[in-house]
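Trainee: Encoded as structure tokens, here's the structure I'll be asking about.
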Amino acid sequence: MGQKMSNNNKYLGKKWVIGNWKMNPANVDTVFEFCQEFAQKLSKETNWQSSVVVGIAPSFVHLGLVDYCLSGEHLGHDKELPIVLVSQDVSGFGKQAGAFTGDVSAMQISDLAECTLIGHSERRQYHGEDDELLIEKIKNAFDANLSVVYCIGETKQEYERGETKTVLEKQLKLLVQFTKEISSLEDTLFPKLIVAYEPVWAIGTGLTPTLDEIKEVHHFVGQTLSAFEITVPIIYGGSVNDKNAADISSCQGVDGVLVGGASLRADSFVTIIQAFA
Ligand code: PGA
């Protein structure tokens with residue numbers, strides 16, 4: 001974890017379990033039902049809060065609903081759950097407001113969420129997001145005081161050609177220009193940056209790298225960043241589920257997980273949280 005963070009940081013030393021809901025679920029009723037069941041199941045577990053930070057990244061339109069459904073106002077103040085709301089993306093254009101149809105600004109997000117994903121492989125792949133745009137997004141997020149979960153990962157072909165480290169090094173390079181912001185001892189309760197290693201070929205496929213591969217890549221990412229005096233949590237993503245979470249949690253250098261499909265079912269998401277507790 002970031003040595004440069006304030007010692008008062010309530011997130012310091014904890015593991016991260018963040019659910020990435022992508023474009024799911026299809027309606028508000030399902031969001032509501034998930035939250036009810038999730039709150040019920042998670043509130044029965046007692047030992048996770050001291051060691052795990054749980055985040056949920058719903059679609060933009062469901063951010064407010066998830067916030068409300070897990071709040072003390074809705075659940076009762078004694079049952080409120082300390083869940084961090086995470087956005088799946090921010091606009092790379094105006095950071096506050098402007099004529100960008102379909103975009104949501106970092107400033108708008110910051111009213112609800114503490115953090116945003118940036119550079120998820122599905123954004124890179126389906127929306128052609130390149131380094132130039134990702135730099136603008138990170139800038140906008142930091143300016144709006146949002147923390148960033150920056151996603152990196154190699155494709156199947158790159159993995160098979162043994163190019164994983166070269167690809168990751170290139171993807172990490174753009175962070176160097178934010179070194180000052182990331183390392184600054186700001187009075188923030190959140191790390192400014194989390195890096196998520198998500199091999200593209202492991203996302204939604206049921207395939208995962210071996211534990212040794214995960215360990216090696218996390219070590220490599222840590223080394224690459226520490227050359228620029230950046231020390232941040234590094235989490236793993238790609239087909240994490242209730243069966244493999246315990247093994248992944250025991251892997252050296254893994255500070256948590258970014259979970260897609262398995263975060264949409266309350267029981268599996270709670271099991272994954274427990275695996276990191
Ligand atoms: P998955 O997705 O857990 O469904 O593989 C992970 C992600 O895309 O963040």
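Values in this text are rule-based calculations from the coordinates and carry no lab data. Worth saying up front: this structure is predicted, and the values here are computed from it rather than measured. Cβ placement follows ideal geometry from the backbone for every residue including glycine, while neighbour counts extend to all protein chains displayed.
Trainee: Under a 5 Å amide H to amide H cut-off, with H placed in plane at 1.01 Å, what residues pair with Gly256 once short-range neighbours are removed?
Mentor: Amide H to amide H, under 5 Å and 5 or more residues apart or across chains, Gly256 pairs with Trp16, Tyr236.
Trainee: Next up: Report the full-extension gain for the segment Lys41 to His127: residue separation times 0.36 nm, less the Cα-Cα distance, to one decimal in nm.
Mentor: Contour length minus the Cα-Cα distance gives 27.3 nm.
Trainee: Right, another one. For the chain, what does the relative contact order come out to in percent, with C-alpha contacts under 8 Å and a separation of six or more? Display every interim value, and only then the final one.
Mentor: Values: 523 pairs, mean separation 66.1, N = 277.
For the chain, the relative contact order is 24 percent.
Trainee: Then there is this: Round to a whole angstrom and tell me the spacing of the C-alpha centers of region 34-61 and region 261-277.
Mentor: 9
Trainee: Sticking with this one: Suppose R0 equals 35 Å; then what is the FRET efficiency for Phe100 and Thr155 from their Cβ-Cβ distance, rounded to the nearest 0.05?
Mentor: 0.75
Trainee: Now for a different question. Can you list the aspartates and glutamates whose alpha carbon is less than 14 Å from that of Lys173, not counting same-chain residues fewer than 8 positions off?
Mentor: Result set, ordered by chain and number: Asp130, Asp131, Glu132, Glu229.
Trainee: To continue, here is another question. Over the alpha carbons of the chain, what is the largest minus smallest coordinate on each principal axis, giving the biggest first in Å?
Mentor: 49, 46, 39
Trainee: Right, next: Multiplying the sequence separation of Ala246 and Lys180 by 0.36 nm and subtracting their Cα-Cα distance, what value in nm do you get?
Mentor: 20.3 nm
Trainee: Something else about it: Which of the listed residues, His127, Gln40, Val53, is farthest toward the dipole's positive end in the chain, when Lys, Arg count +1 and Asp, Glu count -1 at the beta-carbon?
Mentor: Going by the charge dipole, the pick is Val53.
Trainee: How about the chain: what cysteines have no other cysteine beta carbon under 4.7 Å from their own?
Mentor: Cys115, Cys151, Cys251 - these cysteines have no disulfide-compatible partner (Cβ-Cβ under 4.7 Å) in the chain.
Trainee: Using helices alone, what [θ] at 222 nm do you get for the chain, with -39,500 (n - 2.57) per DSSP H run of 4 or more residues, divided over all residues and rounded to the nearest 500?
Mentor: Working: 12 runs with 103 residues, N = 277.
After summing the helix terms and dividing by the residues of the chain, the value is -10500 deg cm²/dmol.
Trainee: Can you sort Glu198, Glu80 from fewest to most other Cβ atoms within 10 Å of each residue's own Cβ?
Mentor: The order, fewest Cβ neighbours first, is Glu80, Glu198.
Trainee: Is there a pair in Lys170/Lys215; Lys14/Lys41; Lys22/Lys192; Lys41/Lys156 whose C-alpha atoms are over 25 Å apart, and which pairs would that be?
Mentor: Beyond 25 Å between Cα atoms: Lys41/Lys156.
Trainee: Can you sort Asp111, Asp143 by how many other beta carbons sit within 10 Å, fewest first?
Mentor: Fewest-to-most ranking of Asp111, Asp143: Asp111, Asp143.
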